[in-house]
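Written out below as structure tokens is the structure these notes cover.
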Amino acid sequence: MISTALLLSGCSGSGKTSGGGSTAEPSGDDTKPITLSVFMDAPGQQPTADNKIYKLIKEKTGVSLNMEFLVGDLQQKLGVMIAGGDYPDLISGNDKLINAGAYIPLEDLIEKYAPNLKKHYAEVWNQMKDPKDGHIYVLPSYGVYTGSVHDTTYQGPGFYLQKDVLKEMGYPTPKTLEEYFDIIAKYKAKHPDMIGFETLNFDWRVFPLQNAPEHLSGHPNDGGVIVDNNKAQIFADKDIAKTYYKKLNEVNAQGLLDKEAFVQNYDQYLAKIASGRVIGMFDQHWNFQDGENSLISQGKIGSTYVGFPLMYPGAKEYYRDRGGLNLNRGFGISVKAKDPVRIIKFMDALMTEDWQKTLQWGIKGEDYEVKEDGTFYRTPEQRKNADNNTWKLANKADSFFGYMPKMQGSYSDGNATDPGTQPQEFYDSLKPYDQEILKAYNHKTWAEFFKEPGPNPVYFPAYTIILEDGSAAQLASTKLNDLSVKYLPKAIMASPSEFDSVWQDYVNQIHKLDIKAYEDRMNEQIQWRIKNWSSK
């Protein structure tokens with residue numbers, strides 16, 4: 001597997017931290033040049049060598065970043081990494097790596113050297129601890145809020161449709177699968193070169209195909225289980241799943257499903273989104289955001305998407321949630337890092353309000369302006385830059401910052417932590433076409449297409465529960481996923497008369513697994529979380 005790496009703002013080789021065992025001894029100089037190797041578990045583009053934010057980071061902290069993005073299959077990459085024990089300094093969070101002992105515990109380092117991080121995570125400190133040994137291995141990158149929070153965009157799950165489709169069809173509001181696919185069928189009949197419905201069944205990104213039934217039935221995103229009255233069970237073999245996949249079987253028979261959906265990889269999926277040819281899909285917005293960013297850069301605003309919360313009859317909507325703490329997703333420090341103290345001090349330095357403003361808003365006077373009353377805003381030219389992927393590669397640090405701890409909500413001066421959640425800035429930043437779409441639906445933000453969420457359940461989300469390596473629960477979960485990856489395409493692509501028999505074969509195979517071990521582990525951890533996370 002070929003990986004892509006670029007040494008940002010290069011410095012002398014003596015500063016590299018690859019290899020060797022970790023130490024918690026304090027480094028002597030907090031700004032001495034050092035290069036940190038970083039692995040991120042998603043595809044990405046390298047920033048330009050003269051990127052102004054990374055140059056500023058090096059100037060102020062002495063830290064340069066040698067970043068590697070995922071190329072190919074994640075599980076294969078992790079397997080090679082674990083087998084060789086060859087870890088970079090910083091690694092994006094992953095349960096498999098936690099189970100393999102790839103990360104060092106962070107709680108003592110934070111207590112001693114990272115007051116900003118300790119303050120940031122104070123309210124969720126116990127949630128961050130691994131239930132197996134009580135250690136903190138990964139610093140969550142999202143889900144810690146301060147001050148006022150304004151939802152403007154929506155990054156979660158939904159059934160998405162292109163804005164051009166909505167406009168041409170008279171601004172419909174689909175509420176059921178039947179209404180949704182009827183819109184797609186009618187639009188595709190007028191535009192036969194379009195792809196009706198798209199999905200993804202690749203690597204770990206199988207949720208576009210697997211997760212819809214839980215939302216249609218009124219459950220939040222708990223991954224492979226639904227939780228009712230704090231009790232989890234799988235839904236892959238339930239009628240809520242069969243109903244959905246039988247509908248996709250019908251959709252496929254009508255020629256509305258992309259014929260390449262089940263053989264494409266993630267990059268190919270994004271390329272189709274970016275082509276502007278996909279009418280609709282079920283997905284989480286963040287998962288296809290890069291494809292949308294390309295459309296925005298091309299000026300194809302009408303080909304970007306609006307999400308809808310489709311429901312089964314009688315179900316209560318639960319698509320949008322309060323963005324729970326994304327446990328074990330973020331950065332952890334590897335056991336091979338030579339100077340963990342320097343690394344944690346570096347991460348702590350970036351948690352000041354000044355750095356957060358730089359990382360989220362940019363450089364004052366270049367990327368944003370400040371009104372006399374202290375309100376942050378952007379000029380039309382600055383907003384145009386922020387929509388340009390090429391510009392961002394030279395002027396933002398989005399790829400790295402996406403995995404870093406971050407402030408969400410508002411700063412002490414009242415400004416939103418990022419431009420996208422600054423209410424007036426969000427509205428002003430919208431293209432006239434987007435304002436037209438929102439006005440047609442009597443909304444001011446994209447989040448308003450979904451019901452405002454109540455408080456998250458204490459345990460939420462269940463998909464962050466760790467299944468121990470080699471355990472019966474992990475084995476059952478892995479085999480269940482393998483069966484879904486294999487059988488769901490078969491069931492969907494079968495002739496309608498054969499669907500029931502293929503589905504029954506799938507269910508029979510599921511029932512041969514030790515599903516009880518998987519459900520027992522999930523329920524044990526749900527109860528553990530309720531007991532340990534409920535108290536302040």
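The values are calculated or read from the model by the stated rules, or taken from the named source; none is laboratory data. These numbers come from a predicted model, not from an experiment. Positions of Cβ are generated from backbone atoms using ideal geometry, with glycine treated the same way; all protein chains shown enter the neighbour counts.
Being touching a Pro at 6+ places or on another chain (Cβ under 9 Å) and surrounded by 18 or more Cβ atoms within 10 Å (Cβ to Cβ) is the filter here; which residues of segment 253-284 pass it?
A261, F262, Y266, Y269, L270, M281, F282, D283, Q284, listed by residue number.
Answer with yes or no whether Q504 is without any contact (Cβ under 8 Å) to a residue 60 or more places away in the chain and surrounded by 14 or more Cβ atoms within 10 Å (Cβ to Cβ).
no
Those residues that are not hydrophobic (A, V, I, L, M, F, W, C) and not in a loop (DSSP other than H, G, I, E, B), I need them from segment 430-466; list them, please.
Of everything in segment 430-466, those that are not hydrophobic (A, V, I, L, M, F, W, C) and not in a loop (DSSP other than H, G, I, E, B) turn out to be P432, Y433, D434, Q435, E436, K439, E448, Y463, T464.
Table: residues versus (1) touching a strand residue (DSSP E or B) at 6+ places or on another chain (Cβ under 9 Å); (2) assigned to a loop (DSSP other than H, G, I, E, B); (3) surrounded by fewer than 19 Cβ atoms within 10 Å (Cβ to Cβ); (4) of a type in the set (D, E).
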residue	(1), (2), (3), (4)
I333	yes, no, no, no
M351	no, yes, no, no
A394	no, no, yes, no
F401	no, no, yes, no
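Would you call K77 surrounded by fewer than 20 Cβ atoms within 10 Å (Cβ to Cβ), in the same structural domain as G134 (by TED's automatic domain parsing), part of a helix (DSSP H, G or I) and in contact (Cβ under 8 Å) with a residue 12 or more places away in the chain? Quick ask: steps written out before the conclusion?
Details: surrounded by fewer than 20 Cβ atoms within 10 Å (Cβ to Cβ): yes; in the same structural domain as G134 (by TED's automatic domain parsing): yes; part of a helix (DSSP H, G or I): yes; in contact (Cβ under 8 Å) with a residue 12 or more places away in the chain: yes.
So K77 passes the test.
Within segment 407-417, take every residue that is in a loop (DSSP other than H, G, I, E, B) and either in the same structural domain as M311 (by TED's automatic domain parsing) or surrounded by 20 or more Cβ atoms within 10 Å (Cβ to Cβ) (or both) and give me the one that is farthest from the chain's Cα centre (by Cα).
N415
Assess whether P220 counts as being touching a Ser or Thr at 6+ places or on another chain (Cβ under 7 Å), buried (at least 20 other Cβ atoms within 10 Å of the Cβ) and either modelled with pLDDT of 95 or more or more than 27 Å from N523 (Cβ to Cβ) (or both).
Values: touching a Ser or Thr at 6+ places or on another chain (Cβ under 7 Å): no; buried (at least 20 other Cβ atoms within 10 Å of the Cβ): yes; either modelled with pLDDT of 95 or more or more than 27 Å from N523 (Cβ to Cβ) (or both): yes.
Considered against the rule, which asks whether it is touching a Ser or Thr at 6+ places or on another chain (Cβ under 7 Å), buried (at least 20 other Cβ atoms within 10 Å of the Cβ) and either modelled with pLDDT of 95 or more or more than 27 Å from N523 (Cβ to Cβ) (or both), P220 comes out as no.
Test Y160 against the stated conditions and say whether it is in a helix (DSSP H, G or I) and either without any contact (Cβ under 8 Å) to a residue 60 or more places away in the chain or farther than 19 Å from N94 by Cβ (or both). Even if it seems obvious, please write down each step before you answer.
Details: in a helix (DSSP H, G or I): no; either without any contact (Cβ under 8 Å) to a residue 60 or more places away in the chain or farther than 19 Å from N94 by Cβ (or both): yes.
The answer is no for Y160.
For segment 165-182, name all the residues that are closer than 19 Å to Y433 by Cβ and either surrounded by 20 or more Cβ atoms within 10 Å (Cβ to Cβ) or over 30 Å from the mean Cα position of the chain (by Cα) (or both).
Of all residues in segment 165-182, those closer than 19 Å to Y433 by Cβ come to 165-173.
Those that are closer than 19 Å to Y433 by Cβ and either surrounded by 20 or more Cβ atoms within 10 Å (Cβ to Cβ) or over 30 Å from the mean Cα position of the chain (by Cα) (or both): V165, L166, E168, M169, G170.
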